[in-house]
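K.L.:
Next up is a structure, given as structure tokens.
The values are calculated or read from the model by the stated rules, or taken from the named source; none is laboratory data. Model, not experiment: these values are computed from the prediction. Using ideal geometry, Cβ is built from the backbone for each residue, glycine included, and neighbour counts are taken over all protein chains shown. All accessible areas refer to the heavy atoms of the entire protein, side chains included, with ligands and DNA or RNA removed. Shrake-Rupley method; radii C 1.70, N 1.55, O 1.52, S 1.80 Å.
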Amino acid sequence: MIHYLRIFLSGMKVALASRMAYRGDFIIRIVVMFFGDLLFPMITTLIYRAGASFPGWSLPEVLLIQGIFMVVKGISFPFFFGMIEEILDRVREGTFDLMLIRPCSVLYLSIVSSFNLEYVGSFLGGIILLSYALLHIEINITLVTGLLFLLLFFFSMLILLSFTLIMSGTLFKWVGNSRVYEIFDAVTKFCLYPRSIYSEAFQNLISYVFPLAMIAYFPAASLLERLDRGVIYSLVVCLLFFLISRAFWYRMLKQYTSAGG
Amino acid sequence: MIKVNELEKTYKSYQRGNDFLSTLKSIFKRKINYIEAVKGISFDIDKGELVGFIGPNGAGKSTTIKMLTGVLHPTAGEVDIIGYTPWQDREQYVAHIGAVFGQKSQLIWDIPPVDAFYMNKAIYDIPAEEFEETKDKLVKMLEVEELIKKPTRQLSLGQRMKCEFIMAMLHRPEIVFLDEPTIGLDVIAKETIREFIKEMNKKGVTFILTTHDLDDIEQLARRVILINNGDILFDDTIEVLKKHLGNKKHIRLKTEEKLGDLSIHGVKCKQRISQKEFEIELDNSLIEIKDFIDQVNQRAGVLDINIQELPIERVIKVLFGQNKNV
């Protein structure tokens, strides 16, 4: 355990030092992330200002969902989402070999060595949006709702990790498939709005099959005391989804063929 | 220490056409090609050996090394290295090995090598004292005290390669795999790297080396495994490899006077540099060297003579030619 903690700290240090070699680029990217992720909340605000709305949901409540999405992204992306790009490049060049000759979990090493602080822009944007939403909603956060929120927030990150594993896993077989990002962007758009705006069948799909609702909707619903019993099934599905995606990643790793030497 | 038995690796690849129509067809239906990169090879390597793997491009050398390092899963066969099966016991096994890939850097481009060394310290869980002692010793041996503090991108290829070796040796591995470690290096850098390998080998480290640079093989390897088309063609010492083709010598000859005709039985003129200077291949089984010198002396007088073993390039060319695969 201490061994893995040391690898983590060392990986963070190296990643930060590498990134600081190009400080200008680093700062620009943070700013771009910050404003880029605020685009959807701005569109949502425009919709509400124009008199339209998502039935049963006030503007601050929708912004709460979108703020949570940005915070989850801002925390989880620096720690593991970068592994998609890392694996994409390493598999194409054959340098993933170097990960396999290190005496530790190759999945863990892939995560650690792809640490990317750029997504802190998303995190800052999310915190601002979340604070704005909470200030405009009359809610009483008790210890129970607070703990429930943290549990669901953890599962939210677990789902993002699962998607990262699936997307990066495919890259061992379908080398150089940079379209995986677009798949992720398209899929996660469904996380930005209240679940109730979708048809019932689609609601079930994103709650109990591909638990996208866990990414932002369920944590927000816990603060708004709008959770239903279905969340328990969704938690189980999330856990299964993670285990399956992890097994998938390792199965795909076996397909790695390196590159010519 | 290393036991390899009937090791095989077959890659699956898809055949695509070159013209527009066949490319379009390949979207719906592709022809599968199976490429046998390694065809059931077997060999043993003892502790402390320095074995050179040679062969032309695509012979199966790197694929073999990748299976031995646990990077690739073989299609069939068994490997036992210090009690581990590389691809099954990967995590435990790789703690005992080191690797230097001439074309794949373990250093991190934007930060100094010394920071990458500390990353390896954490990954290999090397105790602080042991790490500092090994690092200092290696840095001194390769004379890179100041270089390791500069960002990797500012180092020359030779300087980077020295740091690659330090990276690979920090955890004191028992076996080191070297895949073309001197590629692109100048003569001085090659010499430093070769001396380093020799020095570490003297200390008991087993080296497995693949290279296209036959000087590496001649200067380092006591044993040579020659691979072509996934098969082992030869596995013995360099001396035996050279003798494989008969007892031939490479001679550089200078005469006092013009030597017009060199038609001596058992002697083949490889290059006529001038009318008084020649490069010759002499078949010792057909003519003794002293008889050859006597004959030349009588005709034109020997001014200078340099007798060497056949260059290994020539040996390999002939060996591959015999197998009709190159």
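K.L.:
Take the residues in segment A:82-113 that are open to solvent by less than 10 Å² (accessible area, probe 1.4 Å) and either closer than 17 Å to residue A:160 by Cα or basic (Lys, Arg) (or both), then tell me which one is nearest to the other protein chains (Cβ to nearest Cβ).
P.N.:
By that ranking, first place goes to A:112.
K.L.:
For the condition in contact (Cβ under 8 Å) with a residue 24 or more places away in the chain, open to solvent by 20 Å² or more (accessible area, probe 1.4 Å) and touching a Phe, Trp or Tyr at 6+ places or on another chain (Cβ under 8 Å), what is the one hit in A:132, A:193, A:181?
P.N.:
A:193
K.L.:
Those residues that are out of contact with any Pro (no Cβ under 6 Å at 6 or more places or on another chain), at the interface with chain A (Cβ under 8 Å from one of its Cβ atoms) and buried (at least 24 other Cβ atoms within 10 Å of the Cβ), I need them from segment B:64-103; list them, please.
P.N.:
B:66, B:69, B:71, B:72, B:99, B:101
K.L.:
Right, something else. Quickly run through segment A:12-22 and pick out the residues that are closer than 10 Å to residue A:113 by Cα and at the interface with another protein chain (Cβ under 7 Å from one of its Cβ atoms).
P.N.:
A:14
K.L.:
If I ask for residues that are open to solvent by 70 Å² or more (accessible area, probe 1.4 Å) and modelled with pLDDT of 85 or more, which ones from segment A:9-24 would you list?
P.N.:
A:9, A:13
K.L.:
Among (1) open to solvent by less than 30 Å² (accessible area, probe 1.4 Å); (2) at pLDDT 90 or above, where does residue B:59 come up short?
P.N.:
Here residue B:59 clears every test but (2).
K.L.:
Only one of A:239, A:223, A:212 is open to solvent by 20 Å² or more (accessible area, probe 1.4 Å) and away from every other protein chain (no Cβ under 14 Å); which?
P.N.:
Criteria check complete, one pass: A:239.
K.L.:
Are any of the residues in segment B:186-204 free of Cβ contacts under 8 Å to residues at least 24 places away in the same chain, out of contact with any Phe, Trp or Tyr (no Cβ under 6 Å at 6 or more places or on another chain) and aliphatic (A, V, I, L, M)?
P.N.:
Yes, segment B:186-204 contains at least one residue that is free of Cβ contacts under 8 Å to residues at least 24 places away in the same chain, out of contact with any Phe, Trp or Tyr (no Cβ under 6 Å at 6 or more places or on another chain) and aliphatic (A, V, I, L, M).
K.L.:
Select from segment B:266-303 the residues that are more than 15 Å from residue B:247 (Cβ to Cβ), free of Cβ contacts under 8 Å to residues at least 24 places away in the same chain and out of contact with any Lys or Arg (no Cβ under 8 Å at 6 or more places or on another chain) and list them in ascending order.
P.N.:
Matches in segment B:266-303: B:269, B:270, B:271, B:272, B:273, B:274, B:293, B:294, B:297, B:298.
K.L.:
Let me ask something else about it. Among B:194, B:153, B:160, which is open to solvent by 70 Å² or more (accessible area, probe 1.4 Å) and among the charged types (D, E, K, R)?
P.N.:
B:153
K.L.:
Let me ask you something else. Looking only at residues in segment B:104-138 that are more than 7 Å from chain A (Cβ to nearest Cβ) and in a loop (DSSP other than H, G, I, E, B), which one is farthest from residue A:15 (Cα to Cα)?
P.N.:
By that ranking, first place goes to B:127.
K.L.:
Still on this structure, please answer the following. Residues in segment B:257-297 that are surrounded by 13 or more Cβ atoms within 10 Å (Cβ to Cβ) and in a loop (DSSP other than H, G, I, E, B): how many?
P.N.:
Residues flagged as surrounded by 13 or more Cβ atoms within 10 Å (Cβ to Cβ) and in a loop (DSSP other than H, G, I, E, B) within segment B:257-297 amount to 8.
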